[in-house]
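J.: One structure, pasted below without further comment.
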Amino acid sequence: MIIYKFGGASVKDAAAIKNICQIIGKVKRPLTVVISAIGTTTNLLEEIVDAYFSGNDKALELFDLLKENHTSVIDDLFEEVPAKVSSEINALFIELKTKISKPSSDQFNFEYDQVIGFGELLSTTIVAAYLNHIGQNNKWIDVRTCLDSDDNYVDANILWDSSKEKANAVFPDNPAALYITQGFIARDPNGFTTSLGREGSDYTAAILAHLLGADKMIIWKDVLGILNADPDYFDVTTKLDLIPYHEAIELSYYGARVIHPKTIKPLQAKKIPLWVKSFIDPSQKGTLITKGDQPQPLLPNYIVKKRQLLVTLKPLNFSFIGEKDLVFIFTLVTKYRIKLNFTQNTAVSFAFCANSSARNMQDLVAELEEKYEVELSEDLELITVRHYTPATIEEIQNKHHVLVEQKNSNTAIYLTVAN
């Protein structure tokens, strides 16, 4: 078994879908293909969730835009849309519209997960239908029938034992099989849809690779492989040919955008190699993530996170920051599901950095203000450098106004004022 994963950019329109179908058609079977929502559909669905949860009629207007976007792709793919395709797509639209036409519960995370997965259900239905249309017979799989999770909505945890049994039944060992399925979603014990975290389709592919004992996994991107820096922020970048598993985990932990943070561990556990390749130029070798000691070539790797917020806490009673304070702070951070990008403490203060767009940040800050003096620094950037050199450190310090610096023998982190 080989696992392919295609992201939203690779299925953004009809031409893109035709391109990935050509890539799929050139690989030997069995093959399982995990596909994300089309283009920026997930962003649009998040807007729909926000409007729906707020009781705003705009949810139905956004739904119409979602439907129009997908109808346009379908019309461009097929000269005459098959009745079966229209029926399957319309059924999904009816299900979604029915959902957002009813009153919302008071549980945002639950409602989010019941809506957000429609992007993947729509995209995979369209791609599977087009593959059948051009003679590439395949089986469409609802991934929720084999991936069990807990009910930790928005960031669900996979139930590995039951998922393994179901996955091997749903994806039988057929040497000629082509399966099309969704990333990002699973199902809880009560039958409700859950999501595995934003950008979780990479993780889904890795889960299936682990459960099915895949020979390899390939993530198809719009870049030639994993670069040592984001080309959106750096003029000169270099492709890495090989990255050890442990290094890929470090890079994803610090925010590298190419790989989802939880993707590597299921692959490492079974020593399944992961390739990151370009769907624009599939002939290029790409980047291999596998066992090893050092990346090849060994270069400074830059990771930039925009729109960061620094929260600095000082006790109102002029006391020290002790163990009880840390327990209290981290309990609240967990309660509001805030993901911290780094922390730093002194005897009399504690600071943490997080994405400024975190949904519950205002609620967290309000509760912290009951016990601490809270100082907020906004519009910041977090720059992480793996395998830094004295020259890279000097360059960052010269080009940026650095507020906080953390450094060990291999990694340097700088929180800076946005340029």
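J.: I need a count of the residues in the stretch 87-117 that are small (Gly, Ala, Ser), in a helix (DSSP H, G or I) and open to solvent by less than 40 Å² (accessible area, probe 1.4 Å).
T.: Counting residues in the stretch 87-117 that are small (Gly, Ala, Ser), in a helix (DSSP H, G or I) and open to solvent by less than 40 Å² (accessible area, probe 1.4 Å) gives 0.
J.: Okay, moving on. Of everything in the stretch 321-343, what is more than 20 Å from the chain's Cα centre (by Cα) and open to solvent by less than 70 Å² (accessible area, probe 1.4 Å)? Give them in sequence order.
T.: Ile321, Gly322, Asp325, Leu326, Phe328, Ile329, Leu332, Val333, Thr343
J.: Please state which one of Asn152, Asn157, Asn132 is free of Cβ contacts under 8 Å to residues at least 24 places away in the same chain, open to solvent by 40 Å² or more (accessible area, probe 1.4 Å) and within 20 Å of the chain's Cα centre (by Cα).
T.: None of the others qualify; the one that does is Asn157.
J.: Kindly indicate which of Leu332, Leu274 is at pLDDT 95 or above and touching an Asp or Glu at 6+ places or on another chain (Cβ under 7 Å).
T.: After ruling out the rest, the residue left standing is Leu332.
J.: Go through Val154, Val127 for me and flag whichever is over 20 Å from Asn109 (Cα atoms) and either modelled with pLDDT under 95 or of a type in the set (Val, Ile, Thr) (or both).
T.: Sole residue among the options that is over 20 Å from Asn109 (Cα atoms) and either modelled with pLDDT under 95 or of a type in the set (Val, Ile, Thr) (or both): Val127.
J.: Of the residues that sit in the stretch 352-380 and are in contact with a strand residue (DSSP E or B) (Cβ under 6 Å, 6 or more places away or on another chain) and open to solvent by less than 10 Å² (accessible area, probe 1.4 Å), which one is nearest to Arg198 (Cα to Cα)?
T.: Residue satisfying both the conditions and the ranking: Ala354.
J.: I'd like the full set of residues that are within 20 Å of the chain's Cα centre (by Cα), of a type in the set (A, V, I, L, M, F, W, C) and either part of a loop (DSSP other than H, G, I, E, B) or surrounded by fewer than 23 Cβ atoms within 10 Å (Cβ to Cβ) (or both), limited to the stretch 185-210.
T.: Within the stretch 185-210, Leu196 is the sole residue that qualifies.
J.: Mind telling me which of the residues Leu313, Leu309 ends up being open to solvent by less than 70 Å² (accessible area, probe 1.4 Å), in contact (Cβ under 8 Å) with a residue 40 or more places away in the chain, outside any helix (DSSP H, G or I) and closer than 20 Å to Asp155 by Cβ?
T.: Leu309
J.: Counting only residues that are among the polar types (S, T, N, Q), out of contact with any Ser or Thr (no Cβ under 9 Å at 6 or more places or on another chain) and surrounded by 15 or more Cβ atoms within 10 Å (Cβ to Cβ), how many does the stretch 381-399 have?
T.: 1
J.: Are any residues in the stretch 289-303 buried (at least 18 other Cβ atoms within 10 Å of the Cβ) and part of a strand (DSSP E or B), and if so, which ones?
T.: Ile289, Asn301, Tyr302, Ile303
J.: Given the conditions (1) in a loop (DSSP other than H, G, I, E, B); (2) open to solvent by less than 40 Å² (accessible area, probe 1.4 Å); (3) under 22 Å from Ile20 (Cβ atoms), which single one is not true for Asn137?
T.: (2)
The values are calculated or read from the model by the stated rules, or taken from the named source; none is laboratory data. No experiment lies behind these values; they were computed from the predicted model shown. For neighbour counting, all protein chains shown are included, and Cβ atoms are generated from backbone atoms with ideal geometry for every residue, glycine included. Keep in mind that these areas ignore ligands, DNA and RNA; they rest on the heavy atoms of the full protein, side chains included. Shrake-Rupley method; radii C 1.70, N 1.55, O 1.52, S 1.80 Å.
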